[in-house]
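Only one structure is covered here, and it is reproduced in the block below.
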Amino acid sequence: MKRIAAVLLTLMLLLASVNLWARDKIEVVKNVLGQYQLLVNGQLYFIRGMVYQPIPAGQNRDYNWWGDANRPWLADGERMKNAGINTVRFYQPGENIPQTKRVISDLYKNFDIRCVMGHWLDWSEADYANPKFQDQVMQEVCQMVVIYKDTPGILMWVLGNENNYSFAGQKINYWTSAELERIKDPYQKRMAQAKIYYQFVNKLAKQIKKIDPDHPVVLGNGDLATVSVAAKCGSNIDILGSNCYRGKSFGNFWREVDREWKKPVLLLEFGCDAYDAYKKREDQQTQAEFARKQWQEIAENACGGLGFGNSLGGFQFEFMDEWWKCDGAPTAEHDTDGTWSNAAYWRDIKADNNMNMNEEWWGIVAQDTGTIVNGNYARVPRLAYYMLAEIFTGKKINK
């Protein structure tokens, strides 16, 4: 199996060396003041991004929106462009290659919206201490890069999404090995797992750079958990990506990154839901208020700001509501049950059992299931959308 994997990887590298198209050059640079910049063909590019997966109400995560005949990304892309949004984040490509390429190209050619393409690293079946599992993921990631690296609009690659929580904190999709189980001290075991995982991600990044030297590689981490280990193991990783839910302010996040990571950071997820779980009603004002403060801090810590100069931008979570998030089942009901608790979102922390985080209400745009426009449920922008449009473009958009 290892020989077959090596042969496949060699073929991928050979294919990657044949570049038939002129491609963008995306790079991260450090200026004389020690601040970081993202450059696209030599021009400064600050990411004003959205997490985007337009799954309609009544469907769940398995819905192939990439192949939606109504092409919802066209109307959504126009709305995003009008608001000054320049980048979207995808967690992983669709299963159909032509469909996925069409979405990426449509957004870029029509609206100048680039995409950050990710890979889950097979987290749901995590077994990162297993060499065979690592080989399998390596093949998948390299294949993704070979297929999409020349697609117009690709900005960078993201490896994982909070996969560090499999050994740090929540222990989601926990993995181990006989060797790891011989470590009795919980902290030492966690650090050993972190080292295995981040060394693997670093190996992936190194291989990606051989295939595609023109697009940066991002580590998709959950907040800053075990980032000190990542810093020691991540020489080939260009950017720290962090899903960060610290409430209205990121607090000492930028200082921690400056101290521990010594490289630039990109917020891959952040935001505020638009439902008050305590008062049991929609709350657009709090969502907009939180988003304004969060983007202000992101800008303050970018190059030229008064902060640490390590921010490359961020991806608001998210563009539109996902109606299936509460129980994962296809449903046409907008669920108002809180699914987890976070005291940093203090406005509604007094909700029953402190369950104040409403997974189905994070969109800056809602879905109106009573109105169909061009085959899609109508989009209803919330206050956060108009507020961000004003920040990003300097103009007010009429409601």
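Odds and ends about this structure:
- Residue within segment 13-21 that is touching a helix residue (DSSP H, G or I) at 6+ places or on another chain (Cβ under 8 Å), surrounded by 18 or more Cβ atoms within 10 Å (Cβ to Cβ) and either of a type outside the set (S, T, N, Q) or modelled with pLDDT under 95 (or both) present: yes
- Identity of the residue in segment 255-285, surrounded by fewer than 21 Cβ atoms within 10 Å (Cβ to Cβ) and in a helix (DSSP H, G or I), that ends up farthest from the chain's Cα centre (by Cα): Q285
- Listed by position, the helices (runs of 4 or more DSSP H) contained in segment 117-232 that have at least 3 residues being buried (at least 23 other Cβ atoms within 10 Å of the Cβ) and not hydrophobic (A, V, I, L, M, F, W, C) are 186-211.
- Inclusion of D238 among residues that are in contact with an Asp or Glu (Cβ under 9 Å, 6 or more places away or on another chain) and either charged (D, E, K, R) or within 30 Å of R23 (Cα to Cα) (or both) is warranted.
- Out of F290, F315, F308, sole residue that is aromatic (F, W, Y), touching a Lys or Arg at 6+ places or on another chain (Cβ under 9 Å) and either in a strand (DSSP E or B) or surrounded by 23 or more Cβ atoms within 10 Å (Cβ to Cβ) (or both): F315
- Qualifying positions in segment 100-116 - surrounded by fewer than 16 Cβ atoms within 10 Å (Cβ to Cβ), touching a helix residue (DSSP H, G or I) at 6+ places or on another chain (Cβ under 9 Å) and not in a loop (DSSP other than H, G, I, E, B): N110
- Selection from segment 322-342 of residues that are in contact (Cβ under 8 Å) with a residue 60 or more places away in the chain and either within 19 Å of Y52 (Cα to Cα) or hydrophobic (A, V, I, L, M, F, W, C) (or both): E322, W323, W324, G328, A329, P330, A332, H334
- Looking only at residues in segment 69-85 that are in a loop (DSSP other than H, G, I, E, B) and touching a residue at least 40 places away in the same chain (Cβ under 8 Å), the one that is nearest to the chain's Cα centre (by Cα) is I85.
- For first residues located in segment 152-178 and in contact (Cβ under 8 Å) with a residue 60 or more places away in the chain and at positive phi, partners that are among the polar types (S, T, N, Q) and surrounded by fewer than 24 Cβ atoms within 10 Å (Cβ to Cβ) and lie 6+ apart or on another chain with Cβ distances below 6 Å form the pairs E162/N243.
- Scanning segment 334-358 for residues being acidic (D, E), in contact with a Gly (Cβ under 9 Å, 6 or more places away or on another chain) and either crowded, with 20+ Cβ neighbours inside 10 Å or in a loop (DSSP other than H, G, I, E, B) (or both) gives a total of 1.
- Odd one out for A291, checked against (1) under 23 Å from L155 (Cβ atoms); (2) in contact with a strand residue (DSSP E or B) (Cβ under 6 Å, 6 or more places away or on another chain): (2)
- The set of residues in segment 59-69 being of a type outside the set (A, V, I, L, M, F, W, C) and surrounded by fewer than 16 Cβ atoms within 10 Å (Cβ to Cβ) consists of N60, R61, D62, N64, G67.
- Residue under evaluation C303, criteria (1) more than 30 Å from G58 (Cα to Cα); (2) surrounded by fewer than 18 Cβ atoms within 10 Å (Cβ to Cβ); (3) more than 19 Å from the chain's Cα centre (by Cα); (4) touching a residue at least 24 places away in the same chain (Cβ under 8 Å), criterion not met: (2)
- Given (1) more than 24 Å from C326 (Cβ to Cβ); (2) part of a loop (DSSP other than H, G, I, E, B); (3) in contact (Cβ under 8 Å) with a residue 40 or more places away in the chain, index of the condition E297 fails: (2)
- Subset of segment 359-377 that is in a strand (DSSP E or B) and within 25 Å of the chain's Cα centre (by Cα) - its residue that is farthest from A288 (Cα to Cα): N376
- Positions within segment 359-392 being surrounded by fewer than 19 Cβ atoms within 10 Å (Cβ to Cβ), touching a residue at least 40 places away in the same chain (Cβ under 8 Å) and touching a strand residue (DSSP E or B) at 6+ places or on another chain (Cβ under 6 Å), in sequence order: T369, F392
- Residues that are within 20 Å of the chain's Cα centre (by Cα) and of a type in the set (S, T, N, Q) are absent from segment 176-184.
- Residue within segment 36-47 that is touching a Phe, Trp or Tyr at 6+ places or on another chain (Cβ under 7 Å), of a type outside the set (A, V, I, L, M), more than 25 Å from Y385 (Cβ to Cβ) and modelled with pLDDT of 95 or more present: no
- So T331, is it out of contact with any helix residue (DSSP H, G or I) (no Cβ under 6 Å at 6 or more places or on another chain) and surrounded by fewer than 22 Cβ atoms within 10 Å (Cβ to Cβ): yes
The values are calculated or read from the model by the stated rules, or taken from the named source; none is laboratory data. Everything numeric here is computed off the predicted structure, so don't read it as measured data. Heads up, the Cβs are rebuilt from the backbone with ideal geometry, glycines too, and the neighbour counts pull from every protein chain shown.
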